[in-house]
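We did not get these values from a lab; they are worked out from the coordinates using the rules stated. Fair warning: this is a prediction, and the values are worked out from it, not measured in the lab. Cβ placement follows ideal geometry from the backbone for every residue including glycine, while neighbour counts extend to all protein chains displayed.
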Amino acid sequence: MGSSHAHRKLACLATSLGSSRLMPFTLGLNTRVIISSHPDTAREILCGSSFSDRPIKESARALMFERAIGFAPSGKYWSQLRRIAANHMFSPRRISSLESLRQRVANDMIKNVQFEMNERNMVELKWILKKGSLNNVLESVFGSNLGVEGEKLGSMVEEGYELISEFNWADYIPLKFVDFSGVKKRCHKLAGQVNCLIGRIIKERKKEGNVNTKNDFLSVCLSLPKEDQLSDADLVAVLWEMVFRGTDTVAILLEWIMARMVLHQDVQAKAQKEIDTCVGQGRHVQDSDIPNLPYLQAIVKEVLRLHPPGPLLSWARLAIHDVHVDKFLVPAGTTAMVNMWAITHDPTIWKDPWAFQPERFIKEEVSIMGSDLRLAPFGSGRRVCPGRVLGLTTVQLWLARLLQEFKWSPLISSSQQVDLSECLKLSLEMKNPLVCCAVNRVHVLPN
Ligand code: HEM
């Protein structure tokens, strides 16, 4: 499970043992696990009420995630957090009010690509996308002008990602006082820094007042009615989670999409033709154009199928009572995982599952929002990703802007060709960052 290819190994095992519907195993001394590689059992696990908690790793607990949406046990507090987030962070009105921010970040990313091309004649997209995604989340959560503090938060997210991704034996064997790889110590240090920084921002915002007039998530949380108010400590955990979850997921998905665009020039050209026909070359693509760009949407779906950012749905579920899955008795306390990667690569479910064919989603309408378990990259059921519409809206707009602005192609040098090798950390990342060329397509658009 500590391997960077756990999703592939588990898929192979399930196929060879004929256990795709449900495979039981034990991790460490006594952590009982079941894993589903089939849409039917995936639905039973994700959409029923029995697996509504998540097992929490020592590192996630130390990093305060137990008090945020992702790891809070399902109950009153978790429902309150989901409601606040649904109404004030992810509502359609709020997502649309953030379009000007998304456009500004897209302008910055385009400038950075241009700068890299002028300086080095090549672009390593990963850092441009990560920086853009971080700025986008920071401004929507804290408002503008975080400056140096924003950069510090970015480094903290990086460190947190590394710590949570690390396999820690202490999660599976009862040796609570041993800190094998120093993870515990590093987590406590990082939690202290996060508390200090976000705690200070909260205090300053309270002192400034006027929170009712501001649109960022922090100000909105501070102006909630009394019965919904969170303590400062809980608010730190919630804001930290938003930044933590919202930054890398979007950047990683967009890097995979751009890698596919560089590799499949015909697909790229078709998407650009669609943009030119629908939007033209005289103005930037806007959110309202996306429904008229079905091929672009199909590309995003196909990349989510081939490279789901959370192939094991990242955060497992925990049985809160004894339950039957596919007629087998699963005892309370069992960890359940869905191998979405195995499902989206299953030849009995998808025709030519290894081929990159966005057209398959033009021929057949498939929802990726959680209702169709053949392709549920955002999970499903009560704990489905609450950021999925915001995440998709952001990825689709930035993809359209990058394709409208540049023609993307591989480098001539054979040593830096697109490499689709994967590395599973908290999300499924490209092992070797995408390096490519970008040439301006249109010169008339004002920034
Ligand atoms: C490409 C983008 C994204 C992908 C692929 C993704 C994927 C996922 C997945 C697979 C889950 C687990 C769902 C389950 O257990 O059924 C999840 C949960 C979650 N995601 Fe996302 N996510 C994305 C973007 C975001 C964004 C932008 C945010 C917030 C800013 C976010 C916040 C969360 C939170 C808070 C949870 C925990 C929900 C709960 O336990 O109640 N995600 N996400």
Descending principal axes extents, the stretch 18-57, alpha-carbon based, whole Å: 29, 27, 13
Expected 222 nm ellipticity per residue - DSSP helices of 4 or more, -39500 (n - 2.57), all of the chain, to 500: -16000 deg cm²/dmol
Kyte-Doolittle at least 0.0, axis length at least 30 Å by Cα - qualifying DSSP helices, the chain: 232-263
Cβ-defined net charge surrounding residue 215, 12 Å radius [Lys, Arg +1; Asp, Glu -1]: +1
Rg/Rh ratio calculated on Cα atoms of the stretch 206-331 (Kirkwood radius): 1.13
Proximal lysines relative to residue 203, as straight alpha-carbon distance under 25 Å, when same-chain residues fewer than 8 apart are discounted: 152, 189, 214, 226
The chain - percent relative contact order, Cα under 8 Å, separation 6 or more: 26 percent
Long pairs among 76/301; 126/407; 57/425; 131/273, criterion Cα-Cα beyond 23 Å: 76/301; 131/273
Exposure proxy ranking, count of Cβ atoms within 10 Å, fewest first, for 261, 117: 117, 261
Percentage relative contact order, the stretch 1-124, counting C-alpha pairs under 8 Å, at least six apart: 10 percent
Among 148-156, 304-312, 108-116, 338-346, the order from most to least packed when residues are scored by Cβ within 10 Å on average: 338-346, 304-312, 108-116, 148-156
Radius, Kirkwood style, for the stretch 274-347 when every pair of distinct Cα atoms is counted (Å): 15.9 Å
D (Stokes-Einstein, µm²/s), Kirkwood Cα radius, the stretch 6-440, 0.692 mPa s at 37 °C: 144 µm²/s
321, 284, 7 arranged by Cβ crowding within 10 Å, fewest neighbours leading: 321, 284, 7
